[in-house]
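Asker: Before I ask anything, here is the structure I am working with.
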Amino acid sequence: MKRLFIIHGWGGNPDEKLLRWLGDECKQEGFEVVIPRMPNTDEPVIEEWIGHIKDIVGAPDEETFFIGHSIGCQAIMRYLETINEKIGGAVFMGGWFTLTGIDDLEDQEIVKPWEEENIDFGKIKEVTSNIVVVLSDDDPYVPYKDNKERFEKYLNAKIITEHNKGHFTNDDGVEDLSSVKKALLDF
């Protein structure tokens, strides 16, 4: 059975409208959908998030898929470094390697390890060649050009550009995103 794990972002939760919409849409397409509440969501720690994903996924296989939002994309990439089994693919919404607009010093300290700790892109490409990144051209936190180029260069990711969707949050008015569902189904 196809399993889909939707990983929310920093400060997020499983009840966000977009994530619920994606979950409902994908269930109708035959996926078993899990949208976990990630630990310590206001101060996410890499090891805690990777461990939580390991616990909820169990044994991954080619019928295992992921959708991530923001720091959830980072967590998925870092999880994929730890496995040897091939998975079906991953779709990242507002995924990033670098952020802007983080002015609070405490928030900068939270972001620092996520930006600075290396990711083994070769290992990720060994477990899947199916990576799609959906970026908005007006995201206030994710510099479009820099992150687009890095995802293409490091992961051979397909990039989908959305216009005027911000960071894909409720505050941005984003409650559904058909491009993410389509990317998943195209795997």
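The values are calculated or read from the model by the stated rules, or taken from the named source; none is laboratory data. Since we're looking at a predicted model, the values are computed, not measured. Reconstructed Cβ throughout: ideal geometry from the backbone, glycine too, with neighbour counts over all protein chains shown.
Asker: Residues in the range 69-84: is at least one out of contact with any strand residue (DSSP E or B) (no Cβ under 6 Å at 6 or more places or on another chain) and on the phi > 0 side of the Ramachandran plot?
Answerer: Yes, some residue in the range 69-84 is out of contact with any strand residue (DSSP E or B) (no Cβ under 6 Å at 6 or more places or on another chain) and on the phi > 0 side of the Ramachandran plot.
Asker: Count, please, the residues in the range 8-34 that happen to be surrounded by fewer than 18 Cβ atoms within 10 Å (Cβ to Cβ), touching a residue at least 40 places away in the same chain (Cβ under 8 Å) and within 16 Å of Thr64 (Cβ to Cβ).
Answerer: Total meeting the criteria: 1.
Asker: From the list Asp103, Asp138, exactly one residue is assigned to a loop (DSSP other than H, G, I, E, B), at pLDDT 95 or above and over 15 Å from the mean Cα position of the chain (by Cα). Which is it?
Answerer: Among Asp103, Asp138, only Asp138 is assigned to a loop (DSSP other than H, G, I, E, B), at pLDDT 95 or above and over 15 Å from the mean Cα position of the chain (by Cα).
Asker: If you scan the range 163-182, which residues turn out to be part of a helix (DSSP H, G or I), out of contact with any Asp or Glu (no Cβ under 7 Å at 6 or more places or on another chain) and closer than 16 Å to Asp24 by Cβ?
Answerer: Once the filter is applied, which keeps residues that are part of a helix (DSSP H, G or I), out of contact with any Asp or Glu (no Cβ under 7 Å at 6 or more places or on another chain) and closer than 16 Å to Asp24 by Cβ, the range 163-182 yields Ser178, Val180, Lys182.
Asker: Residues in the range 32-55: is at least one modelled with pLDDT of 95 or more, assigned to a strand (DSSP E or B), of a type in the set (A, V, I, L, M, F, W, C) and in contact with a Phe, Trp or Tyr (Cβ under 9 Å, 6 or more places away or on another chain)?
Answerer: For the range 32-55, residues modelled with pLDDT of 95 or more, assigned to a strand (DSSP E or B), of a type in the set (A, V, I, L, M, F, W, C) and in contact with a Phe, Trp or Tyr (Cβ under 9 Å, 6 or more places away or on another chain): present.
Asker: Can you tell me which of Gln74, Gln28 is over 16 Å from the mean Cα position of the chain (by Cα) and modelled with pLDDT of 95 or more?
Answerer: Among Gln74, Gln28, only Gln28 is over 16 Å from the mean Cα position of the chain (by Cα) and modelled with pLDDT of 95 or more.
Asker: Say we look at the range 56-85 and pick out the residues that are assigned to a loop (DSSP other than H, G, I, E, B) and among the small types (Gly, Ala, Ser); which of these is surrounded by the most Cβ atoms within 10 Å (Cβ to Cβ)?
Answerer: Ser70
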